[in-house]
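K.L.:
Shown below is the structure under consideration.
Every read-out reported here was derived from the displayed coordinates using simple, explicitly stated rules and does not represent laboratory data. From a predicted model like this one, the values you see are computed outputs, not experimental measurements. Here the Cβ is made from the backbone with ideal geometry for all residues, glycine too, and neighbour counts use every protein chain on show.
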Amino acid sequence: MLTFAEIVSNLGFVLAIDHCARGCAHCPAFGDRAPVQRAPYPDLAARVAGVAATRRRLGLRPGVGAAGRVVHCWRISDPLDYVTRLPGGDVATCADVAALWRAQLGQGLYVVTNGSEASPMARRALTAFGDAPDLVSQVKLTITHADRSWDSPRYIPDLAWDVAALSRLWGLPSTRAEDPGGRRFRINVKTTPDRLVDIRALVVAVLVRAGLSRATAETACDDHSMVRFKPIYDLGNATGAPSPVAGAVDLSTVGGGRYKPTPETRRGLQYGIRPDGRLFVVDMYAFTEHDLGTAEHPLFWPADVEDADLHADLGVYADA
Ligand code: SF4
């Protein structure tokens, strides 16, 4: 039996943005032709306020137990691509999403991005994070040869701009519950073993261009809390085929699926709300997700959740 109490108690996602058009080869979104969806900011604000009110009704205090776990505003998307026009004509960015998280959920926004790609609105968000670090629990900037921009002459200067905007966060602690010992900002380098030397040289070039001395850049590359080199896992892609990245780590189990249990950092089943309000569930260990309800009758987050019976059987099953 599934209830709203269960969903809110294990809510891992309130998506401001869904899908991605950046086309990184290592990403499960590779080959996804679905258009990027963004929640209208007023809808997102109402939804997050509703989640916060429901948490209070259930006695889930911010920062305590499951309520302290991160709530993501994205899953397989780049949160810096969140840009929507407000009714008054101004534009909301990822920084405005972060302001909602801070005010309503009592946590900074967790941001994992492949960079601003020199987008003015994405840069505006990064500047806001640098100026007001409490907006974010942690920012991770991914550098990888699987990025579609890898061979572009803009790749290094664009990333360097982002690093310079965020560099102040290196000196601050992460406030993300899942990484209490980390820094507020970290670079994740995703690489296959054969590209390690190349990509390390590129990261040093990015850091130097961002303003670090060469010696400091080299030291940063040896400091796992500042720059972490990680393998590329074969998480498949949107067509169901294996990752096209040669040398990606195979996670196939005997049954042919993909399974990476990490109970120390995340819960196995997490619920989410899509930009249009549809509810979904994610198996965080198997990297799969599906909508709740049926195609004809999808289950939506209620606009009037304050009137909802949180313990009523919703008549759907998470593993349907
Ligand atoms: S890795 Fe991130 S930026 Fe790249 S395609 Fe996937 S979701 Fe988009």
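K.L.:
List every residue whose amide H lies under 5 Å from the amide H of residue 11, counting only residues 5 or more places away in sequence or on a different chain, with H placed 1.01 Å from N in the peptide plane.
P.N.:
271
K.L.:
Please list, in order, the residues from region 1-40 whose amide nitrogen is less than 16 Å from a point placed 7 Å along the Cα→Cβ vector of residue 152.
P.N.:
Taking a point 7 Å out along Cα→Cβ of residue 152, the residues of region 1-40 whose backbone N falls under 16 Å are 20-26.
K.L.:
Now, a different point. Which length gain, in nm to one decimal place, applies between residue 194 and residue 33 when the Cα-Cα distance is subtracted from 0.36 nm times their residue separation? Don't jump to the answer; show the numbers that get you there.
P.N.:
Numbers: separation 161, 0.36 × 161 = 57.96 nm, distance 3.02 nm.
Length gained, residue 194 through residue 33: 54.9 nm.
K.L.:
I've got another one for you. With unit charges on the beta carbon (Lys/Arg positive, Asp/Glu negative), name the residue among 60, 144, 113 whose Cα is farthest towards the positive pole of the charge dipole of region 45-201.
P.N.:
60
K.L.:
I'm a student and want to see the number: the projected area of the Cα convex hull of the chain, averaged over all directions, in nm². Show your work: numbers first, answer last.
P.N.:
On the way: hull surface 67.1 nm².
That works out to 16.8 nm², a quarter of the Cα hull's surface.
K.L.:
What number comes out for the charge environment of residue 133, summing +1 per Lys or Arg and -1 per Asp or Glu over other residues with Cβ under 13 Å away? Intermediate results must be reported in sequence, preceding the final value.
P.N.:
Numbers: positive: 102, 168, 176, 183, 184; negative: 131, 134.
Net charge in that neighbourhood comes out at +3.
K.L.:
To continue, here is another question. To make sure I understand, if each residue's beta carbon is the centre and we count other beta carbons within 10 Å, what order do 119, 152 fall in, fewest to most? Can you show the working numbers first?
P.N.:
Details: 119 16, 152 12.
Neighbour counts put them in this order, fewest first: 152, 119.
K.L.:
Could I ask something else about it? Starting from the Kirkwood radius over alpha-carbon pairs of region 1-68, derive D by Stokes-Einstein at 25 °C in a medium of 0.890 mPa s and give it in µm² s⁻¹. All intermediate terms of the calculation are to be shown ahead of the outcome.
P.N.:
Working: Rh = 14.2 Å.
It diffuses with D of about 173 µm²/s by this estimate.
K.L.:
Rg and Dmax of region 81-139, Cα atoms, in Å?
P.N.:
Over region 81-139's Cα set, Rg and Dmax evaluate to 11.1, 30 Å.
K.L.:
Once you have the Cα-Cα distance between residue 216 and residue 283, take 0.36 nm times their residue separation minus that, and quote the gain in nm to one decimal. Numbers along the way, then the final one.
P.N.:
Numbers: separation 67, 0.36 × 67 = 24.12 nm, distance 4.00 nm.
Gain in length upon complete extension: 20.1 nm.
K.L.:
Also, I was wondering about something else. Could you please report the charge total around residue 162, scoring K, R as +1 and D, E as -1 over all other residues with beta-carbon less than 10 angstrom from its beta-carbon?
P.N.:
On the way: positive: 123; negative: 117, 158.
Around residue 162, the charge tally is -1.
K.L.:
Still on this structure: Of 82, 41, how do they rank once you tally other Cβ atoms within 10 Å and put the fewest first?
P.N.:
Ranking 82, 41 by Cβ neighbours within 10 Å, fewest first, gives 41, 82.
K.L.:
Follow-up. Out of residues 5 or more away from residue 70 or on other chains, whose amide H comes under 5 Å of its own, with H placed 1.01 Å from N in the peptide plane?
P.N.:
Amide H to amide H, under 5 Å and 5 or more residues apart or across chains, residue 70 pairs with 177, 178.
K.L.:
Starting with the fewest neighbours, write out 20, 27 ranked by other beta-carbon atoms found within 10 Å of each beta-carbon. Can you show the working numbers first?
P.N.:
Values: 20 22, 27 28.
Least to most surrounded, the residues fall as 20, 27.
K.L.:
Restricting to the chain, compute how many DSSP beta bridges are antiparallel as a %, nearest 5.
P.N.:
Numbers: 17 of 39 bridges.
Bridges in the chain that DSSP calls antiparallel: roughly 45 percent.
K.L.:
Shape verdict for region 152-210, please, from the Cα gyration tensor: rounded (a/c under 1.5), prolate (a/b greater than b/c) or oblate. Don't skip to the answer; put the middle values down first.
P.N.:
Working: a/c = 2.82, a/b = 1.45, b/c = 1.95.
It comes out oblate by the Cα gyration axes.
K.L.:
Once you put a point 7 Å from the Cα of residue 168 and another 7 Å from the Cα of residue 85, both along the Cβ direction, what distance in nm separates them?
P.N.:
3.2
K.L.:
Among 302, 315, 279, whose Cα projects farthest towards the positive end of the dipole of region 277-320, with charges put on the beta-carbon of Lys, Arg (+1) and Asp, Glu (-1)?
P.N.:
279
K.L.:
How big is the charge dipole of the chain about its Cα centre, in debye rounded to the nearest 20, if each Lys and Arg gets +1 on its Cβ and each Asp and Glu gets -1 on its Cβ? Please report the intermediate quantities before stating the final value.
P.N.:
Numbers: 35 positive and 36 negative charges, 184 e Å.
So the dipole magnitude of the chain works out to roughly 880 debye.
K.L.:
Right, another one. Taking the dipole about the Cα centre of the chain, with the C-beta of Lys and Arg at +1 and of Asp and Glu at -1, give me whichever of 27, 242, 270 is farthest to the positive side.
P.N.:
Looking along the dipole axis, the top candidate is 27.
K.L.:
For residue 312 and residue 228, calculate 0.36 nm times their separation in residues minus their Cα-Cα distance, and state this gained length in nm to one decimal.
P.N.:
Values: separation 84, 0.36 × 84 = 30.24 nm, distance 4.48 nm.
Separation in residues times 0.36 nm, less the Cα-Cα distance, equals 25.8 nm.
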